[in-house]
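The structure appears right after this line, and notes come after that.
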Amino acid sequence: MYSLLISSVVGGKHKGIPRWGKRFCIDSRQIKEGDIFIPLKGLKFDGHLFVEEAFKRGALGFIVQKGKLKQSLIEKISRRGFVIEVENTFEALKKIASYKRKIFKGSEIIAITGTAGKTTTKELIAHLLKSKFSVYKTPGNLNSRIGLPLALANADEQATFHVFEVGSDGRGNITGLLKILKPTVGVLTSLGLAHLSGFKNFENLVCAKGEIFDPYGVCSFKTFPFRGLKKIVLPARWKDFYKALFENRKVVLFSEGNLKITYWRFTKEGKTLIELRNRTIEIPLLGLGLISAVEAVLGTLQALGLDGEDFVEEFKTFKGEWGRMQPLKGENFLVIDDSYNANPLSMETALKTLTLVEGYKERVAILGDMLELGILTVKEHKKLGLLLEELPITEVYLYGEYTRYAAEVIKSKPVFWSDKKEKLFEILKKRDHPRKGAVYLIKGSRGCKMEQFLEVLNLQQEIF
């Protein structure tokens, strides 16, 4: 984007040489040659402290808060690039994002939210569409109040489809993001307990996720002129709750009728096979959550006027995202790496998946805490213990502060708990893990960094 145009969009003062910037970046550690650095002020750090570092790494442009940089540094940057001074850098980022949305020339902007499965759904939709159209998708999980504007600011306005993931940990979050994104297609993947420290209760969560269809959602009497959303995709079980938002919109319900998957299997090699209208879909990932994501994807394709059967070959090459139900093959054993994150819904689907993989004698769960559950933390970990007690799982290894509540409930099988990873590493080794003929699940909230258990099993995480 040309620096003089950026200056006009954000209403800032341009200093230095007008230049074209390759992309916008808010992390000085990720700067590449030709980037434009936008330092943001956070609770712990002020990005302006890293402007010089970003300049050394090759940034040619900077959008900074007025008065934050020394004149000598501005002059130094201006000899090679440019500085644009504004009142507030975060507001400037949002203005750039809004401008990129305004000049979008493609067909549809798809916004995806949900308690679980939103990243997999986003990645799979983008993967399939990319085989026939030009597509821009949210990089990684940039789905927050800062991440989404950054993703939109860097979007290719010439792409036919934009596919964005929209996160939320409280009511009103999605509202603010949608005022910038203005999607034409809204997709809800699932609803379950997550981020309750922000939502406080499940009712607030359901209302907040409904903001994907209307910025004020079904739980408000306010009105908002949000006419851009033309298509709604959601699980059939939630149709009655959100039906007030369906008027004058195309609505596709999945998990029912021809958008309900009734036959599937998880193979010993770590693949999911799905029967779809006399065709077999093969995906090199595992998970009941994947089944739900495929239903959501098929519903989204239908909303776009496309048929899932036309993408059978593309399903075979879908790799997903690191740490999300990735099958890692060892020597006569298999590990399901789902270490990226965890909440009660995703934990239940992952554990049930562990019990359904074909061809293994032993099934071992290596689990960490489920964080951000607020007042339900103890209750949900005890429920996890009851689930582990009930399922045909051979051994259980639990790490963290809260998984001890799950351990207390388990009586019928070997269970080992510790708040120190090293202790569990030792126990796993003493008990001769990894074992031939065993399938393992590794899962926990991001703060637990459960991927570190892969080393004990002589495997490395696949990073994409």
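Here are some notes:
- Shape call, the chain: gyration tensor on alpha carbons, a/c limit 1.5: prolate
- Whole-number percent relative contact order across the stretch 104-315, with pairs defined as alpha carbons under 8 Å at least 6 apart: 21 percent
- Most tightly packed first, judged by the mean number of other beta-carbon atoms within 10 Å of their residues, the peptides 76-85, 284-293 read 284-293, 76-85.
- Here the sum of -39500 (n - 2.57) over DSSP H runs of 4 or more residues, divided by the residues of the chain, equals -9000 deg cm²/dmol at 222 nm, to the nearest 500.
- Sorted fewest first by neighbouring Cβ atoms within 10 angstrom, D214, D307, D35 come out as D307, D35, D214.
- Highest-first packing order for the peptide set 297-306, 426-435 is 297-306, 426-435, based on the mean count of other beta carbon atoms within 10 Å.
- In summary, the lysines within cross-link reach of K179, defined as a Cα separation below 16 angstrom excluding same-chain residues under 8 places away, comprise K94, K95, K100, K102, K209, K222, K230.
- Extension gain from E314 to R279, taking 0.36 nm per residue of separation minus the Cα-Cα distance: 11.3 nm
- Cα long-axis angle, helix 421-430 against the chain (0 to 90 degrees, to the nearest 10): 40 degrees
- Non-local Lys pairs in the stretch 353-464, i.e. 8 or more apart or on different chains, that have alpha carbons under 14 Å apart: 7
- Rounded tilt (10° steps) of 118-130 against the dominant C-alpha axis of the chain: 70 degrees
- The stretch 3-91: C-alpha gyration tensor shape, a/c 1.5 cut-off, then a/b vs b/c: rounded
- Of the residues Y360, Y399, the one with the fewest other Cβ atoms within 10 Å heads the list, and the complete ranking is Y360, Y399.
- Relative to the Cα centre, the charge distribution of the stretch 104-315, modelled as +1 at Lys and Arg Cβ and -1 at Asp and Glu Cβ, gives a dipole magnitude of about 520 debye.
- Length gained when the stretch L306-I146 is fully extended (0.36 nm per residue, less Cα-Cα span): 54.4 nm
- Residue order, fewest to most surrounding Cβ atoms within 10 angstrom, among S144, S7: S144, S7
- Only one residue of P183, G444, N141 has its Cα farthest out toward the positive end of the dipole of the chain, where Lys and Arg carry +1 and Asp and Glu -1 on Cβ, and that residue is P183.
- Reach of K329 by Cα under 16 Å, taken over aspartates and glutamates that are not fewer than 8 positions away in the same chain: E269, D337, D338, E358, E362, E451, E455, E462
- The listed peptides 174-182, 13-21, ordered by packing as a protection proxy, come out as 174-182, 13-21 (highest mean of other Cβ atoms within 10 Å first).
- The stretch 91-155 and the stretch 309-356 have Cα centres spaced 23 Å apart.
- Fully extended contour minus Cα-Cα distance, from T262 to I375, at 0.36 nm per residue: 37.0 nm
- Using a Förster distance of 25 Å, the FRET efficiency for D240-E203 (Cβ separation, nearest 0.05): 0.95
- Straight Cα distances below 20 angstrom link K132 to the lysines K105, K122, K316, K319, with same-chain residues fewer than 8 positions distant left out.
A short reminder: the numbers here are calculations on the coordinates, not readings from a lab. Every value quoted in this text rests on a predicted model; they were computed, and no experiment measured them. Methodologically, a virtual Cβ is constructed for each residue, glycine included, from the backbone with ideal geometry; neighbour enumeration extends over all protein chains shown.
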